[in-house]
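Asker: Below: one structure in structure tokens.
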Amino acid sequence: MRRRIVILGSTGSIGTSALDVVARHSDRLEVLALSTHSRVDELVEQAERHRPAVVAVTGREPTEAQRARLSALGVKVLLGDDALVGLARLESADVVLLAVVGAAGVRAAVATVEAGRTLALANKESLVVAGSIVMSIARRTGAAVLPVDSEHSAVHQCIRSGQRSEVSRVILTASGGALRDMPLEKALRATPAEALKHPVWSMGQKVTIDSATCVNKALEIIEAAHLFELSSEQIEVVIHPQSIVHSMVEFADGSTIAQLSPPDMRLPIQYALTYPDRCDAVAPRMDFRKAVRLDFHPPDLRRYPALESGFEVVRRGGSLGCVFNAASEVATEAFLDGRILLGEIHPIIRATMQGHAVVDHPTLTQLLEIDESTRRAARDIVRQKAYCVTPEVAAKT
Ligand code: NDP
Ligand code: MG
């Protein structure tokens, strides 16, 4: 029996890589459903190639011509806000790959685990916003949550070499992003074009900007805490420019296990879609016939202050992850629009977190409301410049 895969966000960077993985393992995997927000032409082309039973368009109305092409294929089309949840609940789905960007993925993550389906999770935001809820439902229904994020996939693989109770620390690696070698003052004032030039990975805009500020690593700290039930003291971050060691796990006896592979998201995607089996490589392998250099150094917190906020979210919990995420989405949008400097993204997140009274055990409905109200608060903070910048950012403002 082939596994039937639902890909939410199939027109994105992870989504298109996932379609490549599915196509190359057509003996084991088949596409059941796809979704896009607004790139409907790309979705129609994907449907023509991969023949899903259902597709969803969440951000706009397809044109008559697009509808006609989909109906010629016999594909059912879902539209609007509830469409992702509809795909996540499809009776015949085996695995739901959640590859949409942002808090838009939260309700689909909850629906997937509620339905007892395997959740292959690229959308880290759903755990950052509602990790306690998603993981507790998954424990109740027995749904597996398998990480696609390369660091968490590495941790998932490394953890298998010991008992869960023997894990002492998880060490997440970070590339340092596009601006890691730029002098700090210049990096804090980098343009969107500079910040979007990631040295190693080719990814969507949000995660690429987040890599330059390490907001991405802060989101990943929170994601790891939920996925692997870790305290903030059990998580460390190390800068590893080559992005070959995707993360490490240290066990009680001091042995550290690492996962290595050339940077290519198709490997962690394949791992999650075929777990617990491993099958032939789609992504390239390590070549040790050439010299391989691996560097590790501690992060500079003046360059990456978001890391400390990530740890704070893990320590304080409750609704704070939702606030961190919503503020980061608003701030990134403002940066991409040229309204703020790169070095102002984290101060905006801080100011938004400071203005929030943490709710300890929020319901999903409360979190969705907090997401909305935080976006409004963060937009006001951006408009009124109601945040404190560091001396480095202030230097030439
Ligand atoms: P992209 O921006 O490339 O793709 C996002 C996908 O989600 C697209 O299909 C997009 O549709 C859809 N989408 C956008 N907004 C919405 C919305 N409001 N509602 C529903 N669907 C929406 O992102 P990535 O593929 O880079 O990232 C996806 C997720 O995976 C993120 O959470 C990211 O952090 C995570 N991730 C990504 C990695 C990577 O290598 N790219 C690595 C590790 C994690 P449309 O095409 O119409 O815009
Ligand atoms: Mg990652």
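The values are calculated or read from the model by the stated rules, or taken from the named source; none is laboratory data. As the structure is a computational prediction, the values presented were derived from the model and not from experiment. Because the Cβ atoms are built from the backbone with ideal geometry, glycine has one as well, and the counts that use them run over all protein chains shown.
Asker: Out of region 300-346, which residues are among the small types (Gly, Ala, Ser) and over 18 Å from the mean Cα position of the chain (by Cα)?
Answerer: Listed by number, the residues that qualify are Gly317, Gly318, Ser319, Ala334, Gly338, Gly343.
Asker: What pairs come out if I take residues in region 133-152 that are over 22 Å from Thr365 (Cα atoms) and pair them with residues that are of a type outside the set (A, V, I, L, M) and away from ligand 2 (no atom under 16 Å from the Cβ) whose C-beta lies under 7 Å away, six or more apart or interchain?
Answerer: From region 133-152, the pairs are Gly142/Gly116; Ala144/Thr118; Leu146/Thr118; Leu146/Tyr275.
Results for (1) crowded, with 19+ Cβ neighbours inside 10 Å; (2) within 8 Å of ligand 1 (Cβ to nearest atom); (3) at pLDDT below 95, shown as yes or no for each residue.
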residue: Arg3; (1), (2), (3): no, no, no
residue: Gly9; (1), (2), (3): yes, yes, no
residue: Asp20; (1), (2), (3): no, no, no
residue: Ala23; (1), (2), (3): no, no, no
residue: Asp27; (1), (2), (3): no, no, no
residue: Ala47; (1), (2), (3): yes, no, no
residue: Val54; (1), (2), (3): yes, no, no
residue: Ala83; (1), (2), (3): yes, no, no
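Asker: Now a separate question. In region 288-342, how many residues are closer than 20 Å to Val134 by Cα and assigned to a loop (DSSP other than H, G, I, E, B)?
Answerer: 3
Asker: Condition first: within 16 Å of ligand 2 (Cβ to nearest atom) and of a type in the set (D, E, K, R). Now tell me which residues in region 115-147 satisfy that.
Answerer: Answer for region 115-147, where residues must be within 16 Å of ligand 2 (Cβ to nearest atom) and of a type in the set (D, E, K, R): Lys124, Glu125.
Asker: Right, here's the next one. Is there a residue in region 223-242 that is over 16 Å from Ala331 (Cα atoms), at pLDDT below 95 and away from ligand 2 (no atom under 16 Å from the Cβ)?
Answerer: Looking for residues that are over 16 Å from Ala331 (Cα atoms), at pLDDT below 95 and away from ligand 2 (no atom under 16 Å from the Cβ), one finds none in region 223-242, hence no.
Asker: Given the criterion in contact with a Pro (Cβ under 7 Å, 6 or more places away or on another chain), closer than 21 Å to Lys124 by Cα and not basic (Lys, Arg), identify the matching residue among Val207, Val237, Val245, Val249.
Answerer: None of the other options fit; the residue is Val237.
Asker: Turning to a different aspect of this structure: So if I check each of Arg180, Arg160, Arg189, Arg164, which one is over 22 Å from Val245 (Cα atoms), basic (Lys, Arg) and away from ligand 2 (no atom under 12 Å from the Cβ)?
Answerer: Within the list Arg180, Arg160, Arg189, Arg164, the selection yields Arg189.
Asker: Need the failing condition index for Glu166 against (1) away from ligand 1 (no atom under 13 Å from the Cβ); (2) in contact (Cβ under 8 Å) with a residue 60 or more places away in the chain; (3) touching a helix residue (DSSP H, G or I) at 6+ places or on another chain (Cβ under 8 Å), just the number.
Answerer: (3)
Asker: Does Ala283 fit the bill of being within 16 Å of ligand 2 (Cβ to nearest atom), part of a loop (DSSP other than H, G, I, E, B) and more than 30 Å from Thr191 (Cα to Cα)?
Answerer: It is true that Ala283 is within 16 Å of ligand 2 (Cβ to nearest atom), part of a loop (DSSP other than H, G, I, E, B) and more than 30 Å from Thr191 (Cα to Cα).
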